[in-house]
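A short reminder: the numbers here are calculations on the coordinates, not readings from a lab. Computed from a prediction, not measured in an experiment: that's the story for all the values here. Backbone-built Cβ (ideal geometry, glycine too); neighbour counts: all protein chains shown.
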Amino acid sequence: MERSTEGDREPEEPGWEVDPEDEHGAAIVAFIGRQLRVRREAAGMRAAEFAAAMGYGEGLVYKVEGGKRIPRPEYLDKADEVLGADGAVAAMKDDVAEARYPKKVRDLARLEARAVDLQWYGAHDIHGVLQSEEYMRALFEMRQPVYTSGEVDRVTSARLARQSIFEREPAPALSFVLEELALRRPLGGRMVLRGQLERLLEVGQLRNVSLQVMPIDLEEHAGVDGSITMLKFGDGTAVGRSPGVAAGRPVDDPRQFRVLELRYGMVRAQALTPKESLAFIEQLLGER
């Protein structure tokens with residue numbers, strides 16, 4: 001009988017932890033683990049032999065096969081090679097790509113993937129799809145309680161995956177209003193901020209993107225009730241969210257949604273125009 005060596009664990013093992021509250025993701029990981037174990041045993045390999053051939057620790061093999069660890073794509077590629085699976089194991093990467101992301105991120109990504117119109121105002125932050133990889137990684141490393149390195153990798157990958165919205169055809173209409181303060185605060189350091197500003201300039205040039213900056217020195221501000229997110233879909237339905245409406249819960253009721261549209265329209269009117277905003281961001285870059 002094979003013996004688990006979890007006591008020999010390394011501080012940071014390849015792969016990602018399984019969210020016990022994500023039943024769908026956990027089921028996918030458990031299924032993949034069972035398939036890997038069946039194939040390993042069919043090949044006549046003990047866990048220690050398989051681990052040596054893979055170049056990973058035996059403890060990791062047990063965790064992956066037991067559905068306790070989400071394997072990285074390169075783990076599955078190597079397993080496919082070691083087991084002679086002719087691509088059957090490597091094909092599981094598509095399932096892993098879904099399970100590796102937190103459930104709430106998957107749900108948000110699905111909504112964004114359906115949206116034909118996305119409108120967003122950030123009271124103090126920069127929208128995830130606008131962030132550079134270095135900037136988002138710096139944000140996650142600041143989180144409390146502290147994320148492990150593996151968790152930082154996982155949530156960073158999930159946020160990066162959402163940026164596929166810029167590659168969609170037909171392209172959705174994307175509108176963002178950012179606070180000047182968010183563009184000045186050097187989170188992660190001044191070089192990280194510089195890279196973030198360059199990222200905004202790059203995205204702001206896209207024809208389907210409207211990027212605006214809300215100046216600090218305004219005496220009136222329609223966004224005092226907090227951030228606003230609105231997603232409109234091709235079938236005419238829509239969903240939105242803001243702390244100042246329905247206690248921050250997502251709303252799809254037309255009357256409540258019109259309140260969000262009104263506020264967002266006023267925020268856009270008070271902000272710099274897209275052309276002025278890009279010039280302002282270039283000015284900020286010149287100050288770095």
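So the values come out like this:
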| read-out | value |
| --- | --- |
| Contact order normalised by residue count of the chain, Cα under 8 Å, 6+ apart, percent | 17 percent |
| Pair residue 144, residue 124: separation of 7 Å Cα→Cβ label points (nm) | 1.3 nm |
| The range 59-173 shape via C-alpha gyration tensor axes, a/c threshold 1.5 | oblate |
| Global geometry of the range 245-288, whether rounded, prolate or oblate, following the gyration tensor of its Cα atoms and the 1.5 cut on a/c | prolate |
| Among beta bridges that DSSP assigns inside the chain, antiparallel share in %, nearest 5 | 55 percent |
| Cleavage-rule hits (GluC sites (Glu not before Pro)) in the range 151-232: DSSP loop, at most 15 neighbouring Cβ within 10 angstrom | 219, 220 |
| Calculated FRET efficiency for the pair residue 94/residue 53, C-beta based, R₀ 30 Å, to 0.05 | 0.80 |
| Residue 285 paired with residue 34, simple spin-label distance in nm, labels 7 Å along Cα-to-beta-carbon | 5.3 nm |
| Where trypsin sites (Lys or Arg not before Pro) fall in DSSP loop in the range 78-179, at most 12 other Cβ within 10 Å | 143 |
| The chain, helix-only ellipticity at 222 nm - DSSP H runs n ≥ 4, -39,500 (n - 2.57), divided by all residues, nearest 500 | -15000 deg cm²/dmol |
| Highest-MSF residue in the chain out of 274, 73, 254 [GNM, Cα springs under 10 Å] | 254 |
| Overall Cα dimensions of the chain, principal axis frame, Å, largest first | 73, 44, 34 |
| Estimated distance in nm for a label pair at residue 160 and residue 23, the labels positioned 7 Å out from Cα along Cα-to-Cβ | 3.2 nm |
| Those lysines that a straight Cα-Cα span of less than 22 Å connects to residue 78, excepting residues fewer than 8 apart in one chain | 63, 68, 93 |
| Förster-model FRET efficiency, 35 Å R0, residue 201 and residue 256, C-beta, rounded to 0.05 | 0.50 |
| On Cα atoms only, tilt of 149-161 relative to the major axis of the chain in degrees | 60 degrees |
| Förster-model FRET efficiency, 35 Å R0, residue 42 and residue 169, C-beta, rounded to 0.05 | 0.25 |
